[in-house]
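The values are calculated or read from the model by the stated rules, or taken from the named source; none is laboratory data. From a predicted model like this one, the values you see are computed outputs, not experimental measurements. All Cβ positions, even for glycine, are placed from backbone atoms using ideal geometry, and neighbour counts span all protein chains on display. When the accessible area is computed, the model is the full protein with side chains, heavy atoms only, and any ligands, DNA or RNA have been set aside. Shrake-Rupley method; radii C 1.70, N 1.55, O 1.52, S 1.80 Å.
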Amino acid sequence: MRPVPTTTATAPASPYVDLTREQWSALRDRTPLPLTADEVERLRGLGDVVDLDEVVDVYLPLSRLLNLYVGAHSGLRGALNTFLGEGAQPGTPFVIGVAGSVAVGKSTTARLLRALLARWPEHPRVELVTTDGFLMPNAELARRGLMSRKGFPESYDRRALTRFVADVKAGKPEVSAPVYSHLIYDIVPEERLVVRRPDILIVEGLNVLQPALPGADGRSRIGLADYFDFSVYVDARTEDIEQWYLGRFGKLRQTAFQDPDSYFRKYTQVPEDEALDYARLMWRTVNRPNLEQNVLPTRGRATLVLRKGPGHKVQRLSLRKL
Ligand SMILES: Nc1ncnc2c1ncn2[C@@H]1O[C@H](COP(=O)(O)OP(=O)(O)O)[C@@H](O)[C@H]1O
Ligand SMILES: CC(C)(COP(=O)(O)O)[C@@H](O)C(=O)NCCC(=O)O
């Protein structure tokens with residue numbers, strides 16, 4: 001006789017609905033704002049190499065989904081105001097986090113979303129902030145022995161980043177953020193990015209889905225992700241991301257690194273192999289460990305996971321439904 005199991009080993013229901021690219025792109029028929037020829041040109045003008053099929057199949061349905069979420073968010077806000085007896089109040093910005101590894105394509109996704117979301121008449125004012133502005137300046141990183149930990153959670157001023165997003169969310173008329181330059185590989189002194197009551201704020205960075213550190217008293221604190229109304233994790237195989245990282249390094253070596261002010265100019269003066277060896281070292285010792293230890297563990301917190309295959313083509317999507 002077979003033993004009777006004492007516990008039922010059923011897995012908990014997944015909080016996500018999983019869709020193939022085909023299933024997802026079929027939803028674009030419900031997107032009432034098709035792209036005009038002018039807009040296609042403008043998207044190309046962003047300077048990102050994104051296939052138009054990718055925009056139509058993946059990002060148009062996403063912009064429609066977000067448009068619906070923004071509408072629902074403002075309805076909820078109205079309900080809260082009614083409950084609190086506060087009457088009609090100005091809306092608060094809808095905040096979207098975009099997370100994922102170095103070189104997975106976060107910036108491209110975030111820039112595309114900004115352009116597509118701004119086309120909707122309900123929310124034309126879309127601002128984009130990248131978390132690198134909240135990295136500590138190189139001098140401070142060096143003082144703390146963190147120069148080879150750029151991008152790890154401890155290399156950021158996390159309190160300032162959370163305060164920035166909290167202030168925008170609270171509807172402050174003007175909030176500013178420091179600015180990072182990839183050219184000088186450091187924070188730009190005296191420069192600030194000013195955000196003035198946008199309809200939507202996109203916050204893009206490696207660690208945006210990290211939970212908050214507990215306070216000194218051991219109690220949990222409100223973290224950055226607590227201010228997100230929606231979040232996207234851009235996902236891909238680690239081996240593919242490494243190739244994109246090396247490919248981008250190679251391309252930058254031919255372009256931006258040539259600038260006399262570039263921190264990486266020295267890699268234009270050595271043979272390509274030697275430059276790529278350096279990029280491989282950076283990947284192996286900084287960006288991959290950060291992906292494995294800090295970034296990937298936050299994937300399950302995202303509202304939407306975009307899973308890319310070779311060539312940056314999104315193949316599968318997981319959308320949180322519970
Ligand atoms: N959808 C896409 N299609 C084609 N190439 C892309 C796409 N997204 C990103 N890339 C390329 O991949 C590299 C990394 O993208 P980027 O947006 O800079 O990544 P991240 O901001 O995550 O570091 C860049 O060379 C970029 O041009
Ligand atoms: C600036 C970054 C930490 C990304 O920051 P993010 O905008 O995601 O906060 C990253 O692009 C970087 O420069 N990493 C250091 C290692 C390297 O040079 O690849």
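Computed values, structure above
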item	result
Of residues in the stretch 63-98 being of a type in the set (Gly, Ala, Ser) and outside any helix (DSSP H, G or I), the one most open to solvent (accessible area, probe 1.4 Å)	ALA88
Extreme residue, nearest to LEU128 (Cα to Cα), among residues of the stretch 35-52 that are at pLDDT 75 or above and open to solvent by 60 Å² or more (accessible area, probe 1.4 Å)	ARG42
Residue list for the stretch 253-271, restricted to those being touching a Phe, Trp or Tyr at 6+ places or on another chain (Cβ under 7 Å), in a helix (DSSP H, G or I) and either modelled with pLDDT under 95 or of a type outside the set (Lys, Arg) (or both)	PHE257, TYR267, THR268
Candidates PHE164, PHE134 - the one that is within 16 Å of ligand 1 (Cβ to nearest atom), hydrophobic (A, V, I, L, M, F, W, C) and either touching a strand residue (DSSP E or B) at 6+ places or on another chain (Cβ under 9 Å) or within 23 Å of GLU292 (Cα to Cα) (or both)	PHE134
Qualifying positions in the stretch 138-176 - β-branched (Val, Ile, Thr) and within 18 Å of the chain's Cα centre (by Cα)	THR162, VAL165, VAL168
Of residues in the stretch 291-322 being among the aliphatic types (A, V, I, L, M) and open to solvent by less than 10 Å² (accessible area, probe 1.4 Å), the one nearest to ligand 2 (Cβ to nearest atom)	VAL295
In the stretch 217-245, residue most open to solvent (accessible area, probe 1.4 Å) [restricted to those that are outside any helix (DSSP H, G or I) and among the small types (Gly, Ala, Ser)]	SER220
Pair list, Cβ < 8 Å and 6+ apart or interchain, from the stretch 160-184 residues that are under 24 Å from ASN138 (Cβ atoms) to residues that are open to solvent by 50 Å² or more (accessible area, probe 1.4 Å) and in a loop (DSSP other than H, G, I, E, B)	THR162/ILE222; LEU183/ASP259; LEU183/ASP261; LEU183/TYR263; ILE184/ASP261; ILE184/TYR263
From the options ARG149, ARG159, ARG192, residue that is under 25 Å from LEU296 (Cβ atoms), of a type outside the set (Val, Ile, Thr) and loosely packed, with under 15 Cβ neighbours inside 10 Å	ARG159
Selected residue [within 25 Å of ASP226 (Cα to Cα), surrounded by 14 or more Cβ atoms within 10 Å (Cβ to Cβ) and in contact (Cβ under 8 Å) with a residue 24 or more places away in the chain] from LEU60, LEU113	LEU113
